[in-house]
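In what follows, a structure is listed as structure tokens, so that the remarks can point back to it.
Each reported figure results from applying straightforward, stated rules to the coordinates on display, with no laboratory input. Worth saying up front: this structure is predicted, and the values here are computed from it rather than measured. Neighbour counts are summed over all protein chains in view; Cβ atoms, including those assigned to glycine, are modelled from backbone coordinates with ideal geometry.
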Amino acid sequence: MSASTSGRYVTKPGRDTRWNRLLYGFGRQLVSNSLRIYTRGTVEGKENLPDGAFILAPIHRSYIDTPISSWVQMRRLRYLGKDSMWKYPWVGKLFTAMGAIPVHRGSIDREALRRCLDALATGQPVVLFPEGERKDGPEVFPLMDGAAFLASKAGVPIVPVGIAGSDRAMPRGAKFVYPHKVHVIVGEPISVETNDRGRANREQLNATTTELRTEIQRLYDLAQERIS
């Protein structure tokens, strides 16, 4: 067993085992699909998803954006979650089996980075909210370079996603999910430019992040039009 970088909680790496895939499938059916029916959720742009590994980069306006992200594909997705969710061992094991990867906020978590790279190396898509945390309002906030950096290290594309309606279905402070329409739009993959050695410098990472922010904003605005 290995500890998260914070040193507070002990977790196991989340391998893509048959048991984990079965548990993920059950959880997806129970939570994600029920949520989709309840919110009359619709998805467009699934044809833009590449085969193999990629980083899914959705806008983040509600806690339910995590299960909503699983609407785009039947495959098991991996998610980053704050390490405090692993405080209780049995809960941590469940989160890990469901595809979550613990991350310590506020500092560079090299263990979380390694686990993301391991997942991508085995063909598993990773969901990363590039705004860093849940935000409010119609404009996409300045993004962190995490998605671009991870994509460059793993050699995989980033897929931008716009999610409209989740902030009304479960707004900040709400304890329940309301039956508000939710629409998801998957954009075309974005690749990180690299040099001759296959590495991306700071300027290239910044350029990718700027492109990603522009595309997420476009998809979010378009998704909002779909539910208006």
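Of the residues S191, S69, S228, the one with the fewest other Cβ atoms within 10 Å heads the list, and the complete ranking is S228, S191, S69. Pairs of Lys residues in the stretch 14-227 are counted when their Cα atoms are under 19 angstrom apart and they lie 8 or more places apart or on different chains; the count is 4. Amide H contacts of R78 (H built 1.01 Å from N, in plane; Pro and chain starts excluded): V126, V127 sit under 5 Å, all sequence-distant by 5 or more or on other chains. Note on R134, R18: ascending count of other Cβ atoms within 10 Å places them as R18, R134, the fewest first.
From least to most packed, judged by other beta carbons within 10 angstrom and beginning with the fewest, D65, D51 follow the order D51, D65. Across the stretch 14-227, the mean sequence separation of Cα contacts (distance under 8 Å, 6 or more residues apart), normalised by length, yields a relative contact order of 27 percent.
For the chain, a Gaussian network of Cα nodes joined below 10 Å ranks K82, K93, K175 by mean-square fluctuation, and the top entry is K175.
DSSP beta bridges fully contained in the stretch 14-227 are about 25 percent antiparallel. Under a 5 Å amide H cut-off, with hydrogens placed 1.01 Å from N, V103 pairs with G81, K82, D83 among residues at least 5 apart or on other chains. Quick check: from the Cα gyration tensor, does the stretch 81-174 come out rounded (a/c under 1.5), prolate or oblate? Taking the square roots of the gyration eigenvalues as a ≥ b ≥ c, the stretch 81-174 is oblate. Across the stretch 31-36, rounded Karplus estimates of 3J(HN,Hα) from the backbone phi angles (6.51 cos²θ - 1.76 cosθ + 1.60, θ = phi - 60°) give 9, 5, 5, 5, 5, 5 Hz, Gly and Pro being marked x. Coupling constants for the stretch 177-182 follow from the phi torsions by the Karplus curve (6.51 cos²θ - 1.76 cosθ + 1.60, θ = phi - 60°), and in residue order they are 9, 9, x, 8, 4, 10 Hz; glycine and proline get x.
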